[in-house]
Amino acid sequence: MLNESFYHALNVNTDQCTGCTHCMMKCPTSAIRIRDGKATIRQDWCVDCGECMRACPVDAIYVAQDDFARIFDFKVRVALLPAVFFGQFADTVSDERIHAAVQEIGFTHVCQVEQTADVITRRMVQAQGEMPDKPLISPFCPAIVRLIQVRFPALVDHIIPIKPPIDATSILYKQMLIGQGIDESDIGLFYVTPCAAKIAAVKSPVGEKQSVINGVINMDFLYNKVQQLLIQQPDVGQGMALEIPPIPHKGALWSLTNGEADRMQGRCLAIDEIHNVIELLDQLETTDQITDVDFLELRGCDEGCAGGVLMSRNRFLIVERLRKKTLSMKDGSLTDNPAYGAALDYLDEHLTLDEIHPRSIQAFGADVGQALKKMQQARNLMCYLPGIDCGACGAPNCQSLAEDITRREANLSHCIFLQRTMEKHRKLSSDHAIRIIEKTWGKDRLDKDCRKKGAKYEGK
């Protein structure tokens, strides 16, 4: 297993964090611990799904984006927009107006990411007949790809090694601009992302050495800028006939739940929301309940990318708008656009991903013999821990605490229930017990505070 260094987009604002454990309890890979009263993220376990950010009640977890001013480092500035970006605007706002507003903000070109959906679908259907491991798993959602690398490494070979639309369209559009005589160094490609995982996928791509994308912009940031501009300048884009390359009807729905499964062959399942995905992958890896399935479309967010943590509008409204919009869309194909020409041939040669490797989190160490020994130690420790999974020890559950102890990152005395037992048998003083609690939750955590959430003077 490889031990690569991965970029992570999720960060904790320790000044704002209250150590409430909401994020810790929601993390699907148990990557979060509470130390000194603040949430800390284990970088080698995190898959950037964004569940912690979604769960945080005080907005202490945030997604770092590239400086927007970076776009002006390039003469040709391309905004790579997924379909869900357009789905956030009211039905009365046309795609032409949105394109015009994005260009008014500073971009010279606007490109819709799902343009390559048909090309990718054909290659994925082809892979269905060539890859022996079934069911095949979509490579679209980077949070799911990383989840499989970390938590289900035995299923890595099931992932189809085809680049998703974000990468394929970036390659295609860049080659088209180069074919028009534009110097490669003058071209800046900036992806507008609905989630943290895609930032991580651009910064530390899986299955390729480097992404052609130059930067990533949070979708809520750009949406707010465009929305504000449309309000301040209601005539932006009015009457303009922008040349927007048509994309396939179904391509516009690619990032939504069933967007891929509806286009694949055989028996296909579409599962969204990362905890649902984990339930299915657990069954796939350990039982024979899931049989005769040819393809799995797995999405980390509910309703697919419409439910991304960086979206500004209700995911169900976004899905409804996109589905309604496709009914009146002009259907199209990349081959209908002569501008792409040789760029399509180049894309066809660069559409395959390199081998995707498992990514060991080394819960019990790299040495197999030592790992088995520590695994047994953790099982022995669970005989003493209460199994209440309250999180008061600073770990999400008793199993995680037991594993932390085997790594010498915690002690049995971190469990508040065992602390009482130890005090009863005079193996732990009350002062020492308080110091342990303060180390986990901070020195002032047990002091009276009428300003905390739900208290008498909350927020004052």
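The values are calculated or read from the model by the stated rules, or taken from the named source; none is laboratory data. This structure is a prediction, so every number in the text was calculated from the model and none was measured. Here the Cβ is made from the backbone with ideal geometry for all residues, glycine too, and neighbour counts use every protein chain on show.
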Residue selected from the stretch 96-114 under the condition hydrophobic (A, V, I, L, M, F, W, C) and not in a helix (DSSP H, G or I), by the criterion nearest to the chain's Cα centre (by Cα): Cys111
Tell me which residues, restricted to the stretch 422-460, are under 36 Å from the mean Cα position of the chain (by Cα), of a type in the set (Asp, Glu) and assigned to a helix (DSSP H, G or I). Glu438
When Ala378 is run through (1) modelled with pLDDT of 90 or more; (2) closer than 30 Å to Ile159 by Cα; (3) among the small types (Gly, Ala, Ser), the failure sits at (2)
So for the stretch 130-141 (the condition being in a helix (DSSP H, G or I), in the same structural domain as Asp294 (by TED's automatic domain parsing) and over 25 Å from the mean Cα position of the chain (by Cα)), does at least one residue qualify? no
Within the stretch 45-67, does at least one residue satisfy the condition of being of a type in the set (Ser, Thr, Tyr) and more than 19 Å from Asn218 (Cα to Cα)? no
Among the residues of the stretch 180-212 satisfying the criterion of being in contact with a Ser or Thr (Cβ under 6 Å, 6 or more places away or on another chain) and more than 15 Å from Arg70 (Cβ to Cβ), which is modelled with the highest pLDDT? Val212
Residue identified as surrounded by fewer than 21 Cβ atoms within 10 Å (Cβ to Cβ) and closer than 17 Å to Arg379 by Cα among Glu409, Glu423, Glu438: Glu409
Among the numbered criteria (1) assigned to a strand (DSSP E or B); (2) touching a strand residue (DSSP E or B) at 6+ places or on another chain (Cβ under 6 Å), which single criterion is violated by Ile34? (2)
If I filter the stretch 122-151 down to residues being of a type in the set (S, T, N, Q) and surrounded by 19 or more Cβ atoms within 10 Å (Cβ to Cβ), which single residue comes out as nearest to Leu80 (Cα to Cα)? Ser138
Of the residues Val93, Val78, Val84, which single one is in a helix (DSSP H, G or I), in contact with a helix residue (DSSP H, G or I) (Cβ under 9 Å, 6 or more places away or on another chain) and either in the same structural domain as Val277 (by TED's automatic domain parsing) or surrounded by fewer than 24 Cβ atoms within 10 Å (Cβ to Cβ) (or both)? Val84
All but one of (1) over 23 Å from Thr21 (Cβ atoms); (2) surrounded by 18 or more Cβ atoms within 10 Å (Cβ to Cβ); (3) without any contact (Cβ under 8 Å) to a residue 40 or more places away in the chain hold for Arg359; state the number of the condition that does not hold. (3)
Answer yes or no as to whether Ala39 is outside the structural domain of Ile148 (by TED's automatic domain parsing) and hydrophobic (A, V, I, L, M, F, W, C). yes
Hey, any hits in the stretch 17-27 for a residue that's surrounded by 16 or more Cβ atoms within 10 Å (Cβ to Cβ), more than 22 Å from Val319 (Cα to Cα) and in contact with a Phe, Trp or Tyr (Cβ under 9 Å, 6 or more places away or on another chain)? yes
Lone unmet requirement of (1) in contact (Cβ under 8 Å) with a residue 60 or more places away in the chain; (2) over 20 Å from Val212 (Cα atoms); (3) in a helix (DSSP H, G or I) for Ala117: (2)
In the stretch 396-437, how many are closer than 25 Å to Ala371 by Cα and either touching a strand residue (DSSP E or B) at 6+ places or on another chain (Cβ under 6 Å) or of a type in the set (Asp, Glu) (or both)? 3
From Glu279, Glu303, grab the single residue that is assigned by TED's automatic domain parsing to the domain that holds Ala143 and touching a helix residue (DSSP H, G or I) at 6+ places or on another chain (Cβ under 9 Å). Glu303
Is there a residue being over 25 Å from Thr286 (Cβ atoms) and among the hydroxyl-bearing types (Ser, Thr, Tyr) anywhere in the stretch 138-150? no
If the Cβ limit is 8 Å and pairs must be 6+ apart or interchain, which residue in the stretch 316-344 that is in the same structural domain as Leu177 (by TED's automatic domain parsing) and over 12 Å from Asp91 (Cβ atoms) pairs with which residue that is basic (Lys, Arg) and at pLDDT below 85? Thr326/Lys250
Meets criteria (under 30 Å from Leu280 (Cα atoms) and in the same structural domain as Met329 (by TED's automatic domain parsing)) for Leu189: no
If a residue must be farther than 22 Å from Glu409 by Cα, part of a loop (DSSP other than H, G, I, E, B) and under 14 Å from the mean Cα position of the chain (by Cα), how many such residues does the stretch 1-31 contain? 4
